[in-house]
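Written below as structure tokens is the structure these notes are about.
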Amino acid sequence: MARSRLSERSVSQICVEPRPQGLHAVYLVETHNEQEAEILSKLFGDFSSVLQSLQLSKGKLVSYAVQLQNQDQSLLDEIESFLKKNFGFVILHRSFDHMIYDIVRELCKDSGSALSGISKCDICGKPEPFPETAISFLDKENVKLGTRLYCATCTAESARRNNKEFLRALLAADRSDFEMLNRMDFVRNRSSKKRIAFRIKSEQCATM
Ligand SMILES: [Zn+2]
């Protein structure tokens, strides 16, 4: 367990943000020039209202991880057939998993393409382009001090009967050792209707 670089002493509020989840897929495309890379960037940009996308690599091998906002998979096929018509080498993998990410990594190495950094789950450490849960630490002035991200599996394993226990389970499982926060008590901040926010009980802050 590594000590967190976050100054736990400054944390006054913690927000839990569940993120919309959908079907994941990865596209691998071989490009020959900048124009082709731009076509891809524009293509995924145009679908941003229904398809979240995150570029995994650039250079000769351009790859994107995508997340569908609804269950209709036909969009994935449409994009695949467009790509196959316009590019020589195209792979559509219908999930994001370690196997496809290893392939992206290998192909990047072989082709001299650049792998973009993606977020990792702060519990299991696996690369995760679309974390299911984020928690943010805020100070007294509502300035964000840091964010932790968790994958779907770790989110499910931390599920508890209420949000406060859920937050506690996430913090306890986190790779960072939140020594101080793990000992604190939280109260739900009801002033914030849109998000699940907790503030740290003030009498404890005063004694710390
Ligand atoms: Zn995880």
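All of the numbers you see were taken from the coordinates with simple rules; none came from a lab. If you're wondering where the values come from, they're calculated on a predicted model, not measured in any experiment. In this analysis, Cβ positions are derived from the backbone assuming ideal geometry, glycine residues included, and neighbour counts consider all displayed protein chains.
Answer rounded, prolate or oblate for the chain, using the Cα gyration tensor with square roots of eigenvalues a ≥ b ≥ c: rounded when a/c is under 1.5, else prolate when a/b is larger than b/c, else oblate.
Taking the square roots of the gyration eigenvalues as a ≥ b ≥ c, the chain is prolate.
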_Can you compute the modelled spin-label distance between R188 and D77, with each label point 7 Å from Cα toward Cβ, in nm?_
4.4 nm
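What is the packing order of peptides 57-69, 159-171, 31-43, taking the mean over residues of other C-beta atoms within 10 Å and listing the highest first? Spell out each step's value before the answer.
Values: 57-69: 20.2, 159-171: 15.5, 31-43: 13.9.
So the order, starting with the most tightly packed, is 57-69, 159-171, 31-43.
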*By how many degrees, 0 to 90 and rounded to 10, does the Cα axis of helix 163-173 deviate from the longest principal axis of the chain?*
70 degrees
*Lysine pairs in the chain 8 or more apart or on different chains: how many have alpha carbons under 18 angstrom apart?*
13
*Taking the dipole about the Cα centre of the chain, with the C-beta of Lys and Arg at +1 and of Asp and Glu at -1, give me whichever of L54, A156, L23 is farthest to the positive side.*
A156
*How far apart, in nm, are the 7 Å Cα→Cβ label points at R19 and N86?*
2.6 nm
*Could you give the size of the charge dipole of segment 24-115 about its Cα centre, using +1 on the Cβ of each K and R and -1 on the Cβ of each D and E, expressed in debye and rounded to the nearest 20?*
140 debye
*Considering Cα pairs under 8 angstrom that are at least six residues apart, work out the relative contact order of segment 24-115 and quote it in whole percent.*
41 percent
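Length gain on complete extension for the stretch K201 to E157, per 0.36 nm per residue less the alpha carbon to alpha carbon distance?
13.2 nm
Which of rounded, prolate or oblate describes segment 24-115 when judged by the alpha-carbon gyration tensor and an a/c cut-off of 1.5? Let's see the in-between values first.
On the way: a/c = 1.76, a/b = 1.28, b/c = 1.37.
Here segment 24-115 falls in the oblate category.
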*Tell me which residues come under 5 Å, amide H to amide H, from C151 once H is placed; ignore anything under 5 positions away on its chain.*
D122, I123, C124, E132
*Using a Gaussian network model of the chain whose springs link C-alpha atoms within less than 10 Å, name the residue from E17, E141, E132 with the highest mean-square fluctuation.*
E141
*Working out 0.36 nm times the residue gap between E36 and D139, then minus their Cα-Cα distance, what length gain in nm do you get to one decimal?*
32.6 nm
